[in-house]
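S.K.: Okay, handing you the structure first.
Each value in this text was obtained by applying a stated rule to the coordinates, not by laboratory testing. Predicted model, so just to flag it, every value in this text is computed and none were measured. Counting neighbours? That spans all protein chains shown, and the Cβs are built from the backbone with ideal geometry, glycine included.
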């Protein structure tokens with residue numbers, strides 16, 4: 001099922017998985033609202049999608065601010081007419097031992113990975129329910145981007161694990177709540193992907209990440225975007241609840 005006549009909203013769209021997901025959904029025919037803090041990056045992305053004939057709405061917003069998150073959702077629905085697909089992709093990964101960790105890093109991960117996702121989900125739900133009652137597909141999708149860290153806890157990533165396990169729990173509970181309404185809730189759990197995500201860590205943490213994954217051929221953002229596009233283009237009676245994607249060489 002192509003996405004012609006539908007509208008998708010993608011958070012964290014200024015780079016990495018979010019950027020690739022916006023391109024992939026536009027290629028499937030969706031009008032796309034791209035949301036992030038870096039407007040210049042979003043404008044560049046919009047130009048690329050527009051050059052291929054896609055319809056794009058650029059929204060500069062910080063989803064950790066509830067008012068901005070809600071405004072981004074409402075602006076999407078107002079200017080593009082509806083919301084059929086929400087990709088909750090905005091996230092941060094700040095690793096390191098819990099002992100002596102900067103608590104501000106923990107706060108940032110909870111704000112982005114949990115609260116930002118919840119704000120967008122809450123604001124979008126009425127629109128997704130409405131879209132599932134209407135054409136062209138009579139089904140809508142919320143895709144929450146988690147991580148392998150949402151399945152496996154590791155030393156040195158406790159709070160990141162906490163946030164991503166929480167995303168998984170919320171997604172499954174919401175799935176059960178909305179499944180009869182044909183609002184599909186899907187969880188994507190990537191392993192190592194070549195993005196900017198790890199680059200925000202402290203130097204000593206970055207060294208550890210390089211030691212762990214240095215020899216692994218990482219996935220590209222387009223690999224995850226391909227999975228997102230697959231999930232949201234299934235027929236109405238098919239729901240892909242959870243997708244775990246690792247690089248072939250990643251052990252755990």
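S.K.: Please work out how much length the chain gains when fully extended from residue 169 to residue 1, using 0.36 nm per residue of separation minus the C-alpha to C-alpha distance, in nm with one decimal.
M.R.: In short, 57.7 nm is gained.
S.K.: To the nearest 10 degrees, how steeply does helix 16-27 sit against the main Cα axis of the chain, on a 0 to 90 scale?
M.R.: Helix 16-27 sits roughly 20 degrees off the main axis of the chain.
S.K.: Something else now. Mind checking the full-extension length gain between residue 133 and residue 52? Use 0.36 nm per residue of separation minus the Cα-Cα distance, one decimal, nm.
M.R.: 26.2 nm
S.K.: Give the residues of the stretch 47-74 whose amide nitrogen is closer than 15 Å to a point set 7 Å from the Cα of residue 39 in the direction of its Cβ.
M.R.: Zone members listed by number: 57-62, 72.
S.K.: Please list, by residue number, everything in the stretch 30-53 whose backbone N is under 16 Å from a paramagnetic label point 7 Å out along Cα→Cβ of residue 222.
M.R.: 48-49, 52
S.K.: Follow-up question, since we're still on this one. Any idea how far apart residue 66 and residue 215 come out in nm if each label point goes 7 Å out from Cα toward Cβ?
M.R.: 4.9 nm
S.K.: If you don't mind, another one. Over the chain, what is the percentage of antiparallel beta bridges among all DSSP beta bridges, to the nearest 5?
M.R.: Close to 0 percent.
S.K.: Next question. Over the chain, what is the mean sequence separation of C-alpha contacts under 8 Å (at least six apart), divided by residue count, expressed as relative contact order in percent? Intermediate values should be presented prior to the final figure.
M.R.: On the way: 497 pairs, mean separation 50.6, N = 252.
The normalised contact order for the chain reaches 20 percent.
S.K.: Then there is this: Helix 221-232 against the longest principal axis of the chain: what's the angle in degrees, Cα atoms only, rounded to the nearest 10?
M.R.: Taking Cα atoms only, the helix is inclined about 40 degrees.
S.K.: At a Förster radius of 25 Å, what calculated FRET efficiency corresponds to the Cβ-Cβ distance of residue 250 and residue 99, to the nearest 0.05?
M.R.: FRET efficiency, residue 250 to residue 99: 0.40.
S.K.: A further question follows. Measure nothing fancy, just the Cα-based angle from helix 117-132's long axis to the longest principal axis of the chain, in degrees from 0 to 90, nearest 10.
M.R.: Orientation of helix 117-132: about 30 degrees from the principal axis.
S.K.: Once each part is reduced to its C-alpha centroid, what is the distance from the stretch 159-192 to the stretch 35-88 in angstrom?
M.R.: The two parts, judged by their Cα centres, are 22 Å apart.
S.K.: Can you tell me which of 159-167, 18-26 comes out highest on packing, and rank the rest after it, using the mean Cβ neighbours within 10 Å? Walk me through the intermediate numbers first.
M.R.: Details: 159-167: 21.3, 18-26: 27.6.
Those peptides, ordered most packed to least, come out 18-26, 159-167.
S.K.: Arranged by the count of other C-beta atoms within 10 angstrom, fewest first, what order do 133, 62, 215 take? Could the numbers behind the result be given before it?
M.R.: On the way: 133 12, 62 16, 215 8.
Listed from fewest to most nearby Cβ atoms, that is 215, 133, 62.
S.K.: Can I ask one more? Let me make sure I get this right: for the stretch 1-148, a, b and c are the square roots of the gyration tensor eigenvalues over alpha carbons, sorted descending. Under 1.5 in a/c it's rounded, otherwise prolate if a/b > b/c, else oblate. Which is it?
M.R.: Numbers: a/c = 2.06, a/b = 1.61, b/c = 1.28.
Because a/c hits 1.5 or more and a/b exceeds b/c, the stretch 1-148 counts as prolate.
S.K.: Can you sort 85, 212 by how many other beta carbons sit within 10 Å, fewest first?
M.R.: 212, 85
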